[in-house]
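Here is the structure we will look at.
The values are calculated or read from the model by the stated rules, or taken from the named source; none is laboratory data. This one's a predicted model, so the numbers in the text were calculated from it and none came from an experiment. Positions of Cβ are generated from backbone atoms using ideal geometry, with glycine treated the same way; all protein chains shown enter the neighbour counts.
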Amino acid sequence: MTNPAASRSQRSVAAPRRDTWSHIPEGMRPILAHTALISACFVMIYPLLWLTASAFREPAAIFTSPGLWPGEHFTLENFVTGWQGLGFVGFSTFFANSLIVAGLSVVGNVFACALAGYAFARLNFPFRRTLFALMMGTIMLPLHALLIPQYILFSSLGWLDTFLPLVVPKFLATEAFFVFLFVQFFRTIPGELTDAARIDGCGHFQIFWRIFVPLALPAMATTAAFSFIWAWNDFLHPLIYLNSPQNYTVTVGLSLFLDATSESNYGAMFAMSLVSLLPVVGFFLSFQKLLVAGIATTGMK
């Protein structure tokens with residue numbers, strides 16, 4: 001004679017576990033999932049949409065008529081006023097300065113960090129592991145702890161109010177994150193390629209230039225994209241090292257539209273903020289495929 005309690009416990013154990021989506025019809029599940037994703041996406045891009053709408057809205061109506069459509073307050077005057085800048089210094093000057101700084105930062109980080117990554121990944125030299133550990137330890141240093149020593153150094157060199165403090169460190173492989181990225185990428189390249197190149201009489205620089213550089217295009221694209229975005233969006237370093245308005249970058253130039261002692265022109269600031277986003281978006285879209293490939297392959301063995 002079977003025990004009813006034991007039978008019920010067996011049935012409860014054998015019963016399949018109900019899924020969270022089990023009570024929802026299968027046809028509705030993709031609709032709900034896409035609805036949730038679209039809602040989350042709208043929440044993330046809402047500030048950008050509001051910025052775009054405010055750039056085309058009259059300054060007096062930016063905060064009195066908040067919304068995502070300018071409506072009757074539509075105007076292009078913000079772009080004209082913003083591009084004129086301070087009158088004696090136009091926003092085109094800020095734009096050109098940022099392009100110079102960001103472009104040189106990309107060139108410096110790509111080649112200097114690639115060379116340093118090749119050295120740590122493929123060369124045997126004394127204290128290699130110790131130096132690599134010290135380099136990785138610099139990532140944990142707070143940025144603000146380095147500002148005063150760097151400012152004293154650049155001041156003693158006479159580099160203040162020039163682009164040199166913003167550009168020269170990039171050519172010295174000071175970005176440990178990018179060096180680590182190249183080290184991890186170069187370690188995935190088979191050693192047989194290096195051995196074959198040495199048999200053909202290639203030196204270290206020839207091996208680096210002819211073998212590693214063509215294979216490291218995804219890692220270089222990743223470094224270039226992040227270097228451009230970080231240099232373009234950098235506000236603290238240009239604010240500290242640049243004193244003349246003729247040398248200001250876009251980020252510092254945007255702050256000039258806000259004045260605590262007089263009237264602030266939010267319309268022009270929003271318009272130029274929208275314009276300043278275009279190079280970043282264009283640079284990212286141009287290197288999107290290589291960027292994804294570089295992130296996906298970094299660290300693989």
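Evaluating SER54 against the criteria (1) surrounded by 15 or more Cβ atoms within 10 Å (Cβ to Cβ); (2) over 17 Å from PHE257 (Cβ atoms); (3) within 29 Å of the chain's Cα centre (by Cα) leaves one unmet condition, (2). Would you be able to say whether some residue in segment 107-130 is assigned to a helix (DSSP H, G or I), touching a helix residue (DSSP H, G or I) at 6+ places or on another chain (Cβ under 8 Å) and closer than 18 Å to HIS237 by Cα? Within segment 107-130 (the criterion being assigned to a helix (DSSP H, G or I), touching a helix residue (DSSP H, G or I) at 6+ places or on another chain (Cβ under 8 Å) and closer than 18 Å to HIS237 by Cα), the answer is yes, since at least one residue qualifies. When segment 66-93 is filtered for residues that are in contact with a Leu (Cβ under 8 Å, 6 or more places away or on another chain) and crowded, with 17+ Cβ neighbours inside 10 Å, only GLY85 remains.
Within segment 116-145, if we keep just the residues that are free of Cβ contacts under 8 Å to residues at least 12 places away in the same chain and surrounded by 11 or more Cβ atoms within 10 Å (Cβ to Cβ), the residue that is farthest from PHE178 (Cα to Cα) turns out to be ARG128. Scanning segment 243-280 for residues that are hydrophobic (A, V, I, L, M, F, W, C), touching a residue at least 24 places away in the same chain (Cβ under 8 Å) and not in a helix (DSSP H, G or I) turns up LEU256, PHE257.
Scanning segment 57-105 for residues that are in a loop (DSSP other than H, G, I, E, B) and under 25 Å from ILE229 (Cβ atoms) yields GLY85, VAL89, GLY90.
The listed residues are PHE120, PHE127, and the only one of them that is over 29 Å from the mean Cα position of the chain (by Cα) and assigned by TED's automatic domain parsing to the domain that holds PHE177 turns out to be PHE127. Residue count for segment 27-53 satisfying the condition of being among the β-branched types (Val, Ile, Thr) and touching a residue at least 40 places away in the same chain (Cβ under 8 Å): 1.
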